[in-house]
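Chemist: There's a structure below that I have some questions on.
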Amino acid sequence: MKKTWIITIIFAILVSLLEATFFTLLPSPWLYIHPVIAFSVLLVVLNKPKEAFVFAALSGFILDLFAVSGGYFSIARLSLIIAFVIFLSQSLFTNRSIYATVSLVAIARVLDRIWITVGEVLKRVLFKSNLLVDPLSSTVIILVWDIAIVAIGFILLVFFTRRMKIKLSKDLNTYGG
Amino acid sequence: MLLRNKIGLFVLIGVLLISILKISGLLQPIEAAARVVLLPGAHFFAGIGFSVRDSLIGPPDLKFLKERNQELEARFVSMAVDYVKLRALEEENKSLSALIKFTQDSGFDYVPARIISRSSDPTNASVLIDKGAKDGVETGMAVVVGDGIFVGKITSLMQRVSIVTLISDRTSRVAAASVGRKNLLGLVEGRGNNVARLTLVPQGESLEPDDVIVTAGTEDKVPANLAIGLVNEVEGKPTDPFKNASLEPLAKTDSVDLVLILMPSALRSQ
């Protein structure tokens, strides 16, 4: 149990540093890889909601430390988004399929975009700052990368952990005979 | 259900508490300590990022190189005459400097800094560097690359890191002059996507393509005569009160990983 938490914390530090520094220095389209949300969703799908929440919160804290463009209060943003994703995974998208995983990451990314846009509008209204919203095309590219990461991650998890394989016992007679 | 509601409420309260702590600034000591611990990691990943970037970009297209070569050759010819005049002025300046000890009285220290992160939004041209208030950096200081080509100013300061807003950023405004002239010419404004423009140039001022635009020196911590860019095309009708020009920045900030922060001698830490 302790080992899981240590791995989660180390993984959060690595992934968030990659998102804050490494990927920002690459040219397009690699520049648009933002892996924190994608890996958080994978943890949710692995039925580790507490780890997913801590992963997101810690990653958000580190993203805020190295934020360049004004920061989007990532610790609150990611915590709330992943909390909502956890809620959805337990109430609406309860099946652990690749389709549910992709749906969850798409919802998370849309919420992320809404948060950032609302933040910029509020800054404009309250502080008369310039309205600096990413073009929609960049959010689409980020979402494509998210889907690629969760899809590949899901497939790898199925192969290596065998958690999501459905095994039917040979004794089970599904037709009641 | 009740347990889920309780957990949800706990999460909301936790996030609200952290938000209050952050806005009030009470989290700053923890953030500063965390940066100290994580900065080596950020350096490491930034170093790998620059190496991977170079290999991803690959060799430039031959057609592009040929066109660029022709364009640069044409520019070179037109600037050759200006170069001769400038050399003459430079010699004169050297003698004057020796007499009045100009460089000793108003010289600048350079603090080298490494870029560790960039904004991923192409309209927002800002970078994070690994020097902050603890290194004597102050908001508004000029940042240069290479042989003193101005690329931006420090706009946000923390203990160990700071944010540099580059001249192509949409919020960037720098007072500019033409090389060889002392008076303020106009304003260099960023337009995003590595583009900057010279605006608010009075109609009566002379402005030609290939003119070298430099900092005017009217801002506190930005010295004069730091090269910014070359005039590409002058725009505006003769009846307009002001004319504008598109600028080609002299420094390509996409591939830069090391910058220098100018620290005026009057502000040098004792």
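Chemist: Name every residue in segment B:131-152 that is part of a strand (DSSP E or B) and either surrounded by fewer than 23 Cβ atoms within 10 Å (Cβ to Cβ) or β-branched (Val, Ile, Thr) (or both), in order of residue number. Before you say what the answer is, go through the steps one by one.
Modeler: Residues of segment B:131-152 that are part of a strand (DSSP E or B), as a first pass: B:142-145, B:149-152.
Answer for segment B:131-152, where residues must be part of a strand (DSSP E or B) and either surrounded by fewer than 23 Cβ atoms within 10 Å (Cβ to Cβ) or β-branched (Val, Ile, Thr) (or both): B:143, B:144, B:145, B:149, B:151.
Chemist: Within the group B:253, B:218, B:239, which residue is open to solvent by 70 Å² or more (accessible area, probe 1.4 Å) and under 30 Å from residue B:112 (Cα atoms)? Working first, answer last.
Modeler: Details: B:253 fails: open to solvent by 70 Å² or more (accessible area, probe 1.4 Å); B:239 fails: under 30 Å from residue B:112 (Cα atoms).
It is B:218.
Chemist: Follow-up. So, in segment A:17-38, how many residues would count as being at the interface with chain B (Cβ under 7 Å from one of its Cβ atoms) and of a type in the set (Gly, Ala, Ser)?
Modeler: 1
Chemist: Report yes if residue A:10 is in a helix (DSSP H, G or I) and open to solvent by 20 Å² or more (accessible area, probe 1.4 Å), otherwise no.
Modeler: When the stated conditions are applied, residue A:10 passes them.
Chemist: State the number of residues belonging to segment B:242-263 that are in a strand (DSSP E or B) and among the polar types (S, T, N, Q).
Modeler: Going through segment B:242-263 one residue at a time, the tally reaches 2.
Chemist: Please enumerate the residues belonging to segment A:42-56 that are of a type in the set (Gly, Ala, Ser) and either under 17 Å from residue A:2 (Cα atoms) or surrounded by fewer than 24 Cβ atoms within 10 Å (Cβ to Cβ) (or both).
Modeler: Once the filter is applied, which keeps residues that are of a type in the set (Gly, Ala, Ser) and either under 17 Å from residue A:2 (Cα atoms) or surrounded by fewer than 24 Cβ atoms within 10 Å (Cβ to Cβ) (or both), segment A:42-56 yields only A:52.
Chemist: A further question on this structure: Is it fair to say residue A:67 is closer than 30 Å to residue A:127 by Cα, at the interface with chain B (Cβ under 9 Å from one of its Cβ atoms), open to solvent by 10 Å² or more (accessible area, probe 1.4 Å) and under 15 Å from the mean Cα position of the chain (by Cα)?
Modeler: In short, no.
Chemist: Still on this structure, I have one more. Identify all residues within segment B:1-22 that are more than 9 Å from chain A (Cβ to nearest Cβ) and under 36 Å from the mean Cα position of the chain (by Cα); write none if there are none.
Modeler: B:20, B:21
Chemist: Further question on the same structure: Could you check segment B:26-116 for helices (runs of 4 or more DSSP H) lying wholly inside it with 2 or more residues that are closer than 24 Å to residue B:143 by Cβ and at pLDDT 70 or above?
Modeler: On the way: elements: B:28-57, B:62-100, B:102-106.
By residue number, B:28-57.
Chemist: Also, I was wondering about something else. Mind checking whether some residue in segment A:119-126 is within 14 Å of chain B (Cβ to nearest Cβ) and among the β-branched types (Val, Ile, Thr)?
Modeler: No, segment A:119-126 contains no residue that is within 14 Å of chain B (Cβ to nearest Cβ) and among the β-branched types (Val, Ile, Thr).
Chemist: Quick test for you: out of B:198, B:230, pick the one residue that is part of a strand (DSSP E or B) and touching a Leu at 6+ places or on another chain (Cβ under 6 Å).
Modeler: Working: B:230 fails: touching a Leu at 6+ places or on another chain (Cβ under 6 Å).
One residue alone meets the criteria, B:198.
The values are calculated or read from the model by the stated rules, or taken from the named source; none is laboratory data. In this text the structure is predicted, and so the values were computed from the model without any measurement. All Cβ positions, even for glycine, are placed from backbone atoms using ideal geometry, and neighbour counts span all protein chains on display. Heads up: the accessible areas ignore ligands, DNA and RNA and are worked out on the full protein's heavy atoms, side chains in. Shrake-Rupley method; radii C 1.70, N 1.55, O 1.52, S 1.80 Å.
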